[in-house]
Amino acid sequence: MSDYVIVGAGSAGCVLAARLTEDPDVTVTLIEAGPPDTRDAIHVPAMFPKLVRTEVDWDYTTMPEPQCNDRGVYLPRGRMLGGSSSINAMVYIRGNRLDYDTWAADGAEGWSYDDLLPYFLRSEDNERGADPWHATGGPLSVSEPRSNNLMCQAFVDAAVAAGHPANPDFNGAEQEGVGWYQVTQRNGQRCSAAVAYLHPAMDRPNLTVESYALVSRVVMEGGTAIGVAFTRLGEEVIVPAEREVLLCGGTYNSPQLLMLSGIGPAETLTPYEIDVVLDQPSVGANLQDHPTVGLVFATDAPESLLNAATPEALEQYTTTGTGPLASNLAESGGFMRTRSELDAPDIQFHAIPALFHDTVVDPPEHGLFISACLLKPESRGSVSIASAEPTAKAVIRHNYYGDERDMQTILDGVRAAIEITEGDALSPYTTRHYSTPDGDDEAALRAHVASQTQTLYHPVGTCAIGSVVDNDLRVIGVEGLRVCDASVMPTVVRGNTNAPVIAIAERTADLLRGRTPAVGAGSAPV
């Protein structure tokens, strides 16, 4: 028996396991469905596309998306130690102050920007050094890009020429503008949540890590979570929890596991003969994501990442930790407002120096991908179950652009991206259109959006604060059970979600340990 049983060794689960076991009197069992994070492609940044649709990827796909030509949109998620932080593009973005302050204003007490800033700082070891917005000495290495691809610099130059302000720090005084992304890397290698938090704690006698263990249900007794069950070699294993069960499975898996455990909409559970512990219609609702639309160009320029696997690039990487193999792919980008009256950005750009089309793993030629991403969708989707069998994949409906306001915003974002690609700085790389709109009228842009929309891998909201969990992330209506991952976000933040999930887990660790949550300085105006 452990004091805490954590389900999911992703960004949140690794943080909780490490922080809770700092107390030698606290025991923790961390359970992960996938394997250890031993593959080279996890740790060599530019190689992570090789991981998709393998055993370390949950390999989800949406149900047919009505506004996307009824396509199923592919949704990669990490299934290994580190979770999606072991398979992501390593972009370090916190989001915008307004995101968190809106949560707090809507009732999520304790989750304002000033509440979370100390936890961003606690987690961070930024090679730029400490300032009002950044810190050193934390577990998570945050580094300058070490590839510095010429095409990504050309994107920044073209965007500035198009009127976007240069921004050296998207997590600093202002979010809006264009520039280079900082990355979660250490000496040119990926710094996942497993590398940052879990591996340094693995030898602690009060921590047990179970890999290759798919949890089938939370064990409930009289409305209280008392442990979890998983299957190994055909036998069910029960892991009791003396204090609490902590679900860190992510936005798709946490609501699925709640439903398999009898916590969810009764009308969904009853047909599968799942005993209803708590009729909670909000479980699995409120799904949000960042849809993104790319403009893809083929080029004869040799600067693309097609050359990342050359002997010269390998030599550079192994000796200096720099060069194409250190690329996180999305090296540069930025944030913009489509309307001047907005209080914060609603579009994010990413520039990838590769012919990245329909999640191609091996691009056929040199290329450049520039995308516009919708940051604050009004549309809402859902996660449900297709079976009482834990190995069955969740039913995911993102409902991208279900709200017409989202379509209008992404169209404006695509127009802004097109304007940038027409700049002189990018002209050497954009002469051969590989996947771009067939015209500049709205019909052509809508057709491009429908056929080319992908996820930016930032699903949130399906166990949201205020509806499924309370302000301390305890599941409302049952005892001994919390959720701590991106699913608790009431609304998606403006930017990449890995750093926010780590900060959420840092604060949750304080709540669990009975510590007074850290107090923010209240002076960093992001």
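Among the residues making up segment 308-323, those that are surrounded by 15 or more Cβ atoms within 10 Å (Cβ to Cβ) and either under 23 Å from the mean Cα position of the chain (by Cα) or polar (S, T, N, Q) (or both) are Q316, T322.
Matching residues to (1) open to solvent by 10 Å² or more (accessible area, probe 1.4 Å); (2) part of a helix (DSSP H, G or I):
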site: A9; (1), (2): no, no
site: A12; (1), (2): no, yes
site: D23; (1), (2): yes, no
site: A33; (1), (2): yes, no
site: R53; (1), (2): yes, no
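Residue-level check: of (1) surrounded by fewer than 19 Cβ atoms within 10 Å (Cβ to Cβ); (2) hydroxyl-bearing (S, T, Y); (3) touching a strand residue (DSSP E or B) at 6+ places or on another chain (Cβ under 8 Å), T38 misses just (3). Give me the residue from segment 341-370 that is β-branched (V, I, T) and touching a helix residue (DSSP H, G or I) at 6+ places or on another chain (Cβ under 6 Å) and, out of that set, surrounded by the fewest Cβ atoms within 10 Å (Cβ to Cβ). It comes out as V361. Checked against (1) under 30 Å from T251 (Cα atoms); (2) surrounded by 23 or more Cβ atoms within 10 Å (Cβ to Cβ), I420 passes all but a single condition, namely (1). Listed by first and then second residue, the pairs linking a residue in segment 8-36 that is within 15 Å of P200 (Cβ to Cβ) and small (G, A, S) to a residue that is open to solvent by 20 Å² or more (accessible area, probe 1.4 Å) and at pLDDT 95 or above, with Cβ atoms under 8 Å apart and 6 or more places separating them unless they lie on different chains, are A9/V209; A9/S211; A17/V209; A18/P139; A18/P200.
Scanning segment 162-198 for residues that are over 21 Å from the mean Cα position of the chain (by Cα) and among the small types (G, A, S) turns up A162, G163, A166, A173, G177.
Restricting T436, T409, T430 to residues that are within 30 Å of G107 (Cα to Cα) and polar (S, T, N, Q) narrows the list to T409. Determine whether segment 322-334 contains at least one residue that is among the β-branched types (V, I, T), modelled with pLDDT under 95 and assigned to a loop (DSSP other than H, G, I, E, B). Scanning segment 322-334, I find no residue that is among the β-branched types (V, I, T), modelled with pLDDT under 95 and assigned to a loop (DSSP other than H, G, I, E, B), so the answer is no. Close Cβ contacts (under 7 Å, 6 or more residues apart or on different chains) running from residues in segment 84-108 that are more than 17 Å from P459 (Cα to Cα) to residues that are modelled with pLDDT under 95 and open to solvent by 30 Å² or more (accessible area, probe 1.4 Å) comprise R97/P525.
Every residue, every condition in (1) within 30 Å of L512 (Cα to Cα); (2) without any contact (Cβ under 8 Å) to a residue 60 or more places away in the chain, yes or no:
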{"residue": "A392", "(1), (2)": "no, yes"}
{"residue": "L426", "(1), (2)": "no, no"}
{"residue": "S435", "(1), (2)": "no, no"}
{"residue": "A447", "(1), (2)": "no, yes"}
{"residue": "G461", "(1), (2)": "yes, no"}
{"residue": "S467", "(1), (2)": "yes, no"}
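Output yes when any residue across segment 60-68 is assigned to a helix (DSSP H, G or I) and aromatic (F, W, Y), and no when none is. Looking through segment 60-68, none of the residues is assigned to a helix (DSSP H, G or I) and aromatic (F, W, Y).
Restricting attention to segment 69-108 and to residues that are of a type in the set (F, W, Y) and not in a helix (DSSP H, G or I), the residue that is most open to solvent (accessible area, probe 1.4 Å) turns out to be Y74. For segment 429-449, which residues satisfy the criterion of being of a type in the set (A, V, I, L, M) and open to solvent by 10 Å² or more (accessible area, probe 1.4 Å)? A443, A444, A447, listed by residue number.
For the criterion of being under 18 Å from Y119 (Cα atoms), over 22 Å from the mean Cα position of the chain (by Cα) and among the hydroxyl-bearing types (S, T, Y), T516 passes. Beta carbons closer than 7 Å, at least 6 apart along the sequence or on distinct chains, pair a first residue in segment 302-315 that is closer than 13 Å to A326 by Cβ with a second that is open to solvent by 40 Å² or more (accessible area, probe 1.4 Å) and in a helix (DSSP H, G or I) for A313/N307. Among the criteria (1) in a helix (DSSP H, G or I); (2) open to solvent by 10 Å² or more (accessible area, probe 1.4 Å); (3) not acidic (D, E), the one A285 does not fulfil is (1).
Of the residues making up segment 243-262, just one is over 26 Å from P500 (Cβ atoms) and surrounded by fewer than 21 Cβ atoms within 10 Å (Cβ to Cβ), namely G262. Answer yes or no as to whether Q408 is under 25 Å from D289 (Cβ atoms) and open to solvent by 30 Å² or more (accessible area, probe 1.4 Å). So Q408 passes the test.
The values are calculated or read from the model by the stated rules, or taken from the named source; none is laboratory data. Given the structure is predicted, the values throughout are model-derived calculations rather than measurements. Every residue, glycine as well, gets a Cβ built from its backbone with ideal geometry; the counts of neighbours run over all protein chains shown. We work out accessible area using only protein heavy atoms, side chains counted, and drop any ligands, DNA or RNA first. Shrake-Rupley method; radii C 1.70, N 1.55, O 1.52, S 1.80 Å.
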